[in-house]
Amino acid sequence: MEEKFNRLIFIPIAAVLFLMIGYQYVCPADSNTCYFRSDEKGLFQRYSAGLELVYTEPEADEDLPSKITSRFNFTERDLDRRVDFNIRGDDVMVFLHIQKTGGTTFGRHLVKNIQLEQPCDCLAGQRKCTCHRPGKAESWLFSRFSTGWSCGLHADWTELTSCVPVVMNKRDKKNTPNGKRNFYYITMLRDPVSRYLSEWKHVQRGATWKTALHMCDGRPPTQDELPACYSGEDWTGVPLPDFMNCPSNLANNRQVRMLADLSLVGCYNMSSMSELERGRVLLASAKSNLRNMAFFGLTEFQRKTQYLFERTFGLRFIRPFTQINSTRAASVGISEKVRWRIEGLNALDMELYEYAKELFLRRYQYNRQRQHQEERLRRRQERQQRQRLHRTYLAELWRLGIGGGGAEEVEEEEVEMKVLEEVATTEDYGSQVVRW
């Protein structure tokens with residue numbers, strides 16, 4: 001009777017122990033592969049009606065809307081920006097620096113804050129850094145803080161695309177055909193009203209950028225094509241109304257102009273087509289060039305800009321980006337009427353920024369989703385590896401126990417050696433899977 005009772009007690013205890021051991025192999029304590037939640041929505045939800053993406057993990061330092069209303073039709077190719085940047089080869093990263101978009105800060109990140117095999121050499125007191133490829137005296141970065149203003153002060157897309165290949169071949173003493181060298185263009189954009197006010201404050205302090213070349217189709221604009229807004233050396237102290245009243249002020253729609261192919265509209269010759277048609281062509285060109293760039297960031301989303309850059313180029317920054325909202329533009333108080341006037345003067349930039357913002361946030365969401373999928377795959381592979389090792393361990397125990405005349409005669413070291421051999425083989429296979 002007592003023996004039967006002991007047998008009945010042993011069965012449930014053994015079952016519980018078996019389940020606990022199995023759970024530890026499938027869901028180890030240091031893993032988050034197993035979790036239970038009552039309200040699990042995941043990172044993304046797709047609504048078939050409105051095609052709205054809902055982002056459920058907002059970053060603490062940035063104001064991200066919970067819903068992104070779809071205005072533009074982006075393909076997966078538009079969202080999936082992965083660049084196989086060959087820093088050891090001939091690839092060049094080209095930074096198109098638009099005034100007052102946070103480009104100076106981002107440019108410093110490029111030369112001082114990226115983890116590189118051969119970091120940029122930045123000497124104290126010098127504006128430019130030497131950014132050479134590993135083992136070569138060749139530059140991989142074309143920017144203000146690496147090569148200087150080699151194509152002109154704040155050169156735009158029209159200037160850079162015709163100038164950079166020539167300049168880089170001359171610097172590196174090469175004659176590489178254009179088709180054999182990859183130039184990856186990157187830029188930063190900013191909310192048009194904030195950017196416009198920031199430029200006004202900068203000009204008010206004495207900035208002019210009058211040494212900019214504005215080259216297009218092999219020549220700079222004439223004085224009639226691009227008349228100056230002021231008569232003296234600079235425009236110091238200019239009031240905002242005067243700044244807005246100059247029709248040739250390049251601050252108006254600056255982001256569209258600097259991203260578009262100006263040769264499509266006769267460069268700075270305003271008489272080549274109507275103002276409406278010119279604006280339509282410039283906006284379409286700027287959208288196309290921005291969409292096809294390797295990368296662009298938004299000043300208002302610093303941490304997401306860092307994340308997308310790292311995902312795009314496979315590079316890592318040393319220190320995280322900082323979101324600074326207390327800018328000079330933010331301190332300027334303007335009426336609604338003035339804001340409407342600025343938005344009207346920058347109507348093309350307003351449309352471009354809406355386009356860029358949706359594309360940027362969708363790329364961020366797409367990459368987060370891909371990252372979560374990759375992590376789930378990695379955890380699944382690790383779980384399968386642990387299960388294989390557990391089965392191998394039990395099989396070795398059983399084989400050696402039976403073959404040696406009993407489990408008490410099993411040599412523990414022999415079992416461990418067998419399992420370690422299996423671990424080495426499995427880990428090597430796992431590393432190859434990750435690398436593929």
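Coordinate-derived values only; no laboratory data. This one's a predicted model, so the numbers in the text were calculated from it and none came from an experiment. Positions of Cβ are generated from backbone atoms using ideal geometry, with glycine treated the same way; all protein chains shown enter the neighbour counts.
List of remarks:
- At an R0 of 30 angstrom, the distance between the Cβ atoms of Arg380 and Asn86 translates into a FRET efficiency of 0.45.
- Per-pair calculated FRET efficiency, R0 = 45 Å: Gln115 and Ala395 via Cβ, rounded to 0.05: 0.55
- Distance between modelled label sites at Arg388 and Asp242, nm, 7 Å Cα→Cβ extension: 7.5
- Spin-label pair Asn325/Gln373, simplified geometry with 7 Å Cα→Cβ offset, distance in nm: 3.3
- Low-density loop cleavage sites - trypsin sites (Lys or Arg not before Pro) in the stretch 116-163, where at most 12 other Cβ are within 10 Å (DSSP): Arg127
- Note on Asn73 and Leu153: the extension gain reaches 25.3 nm, defined as 0.36 nm multiplied by sequence separation minus the Cα-Cα distance.
- With 32 Å as the limit, the listed pairs Lys180/Lys287; Lys128/Lys210; Lys136/Lys210 have Lys136/Lys210 beyond it between alpha carbons.
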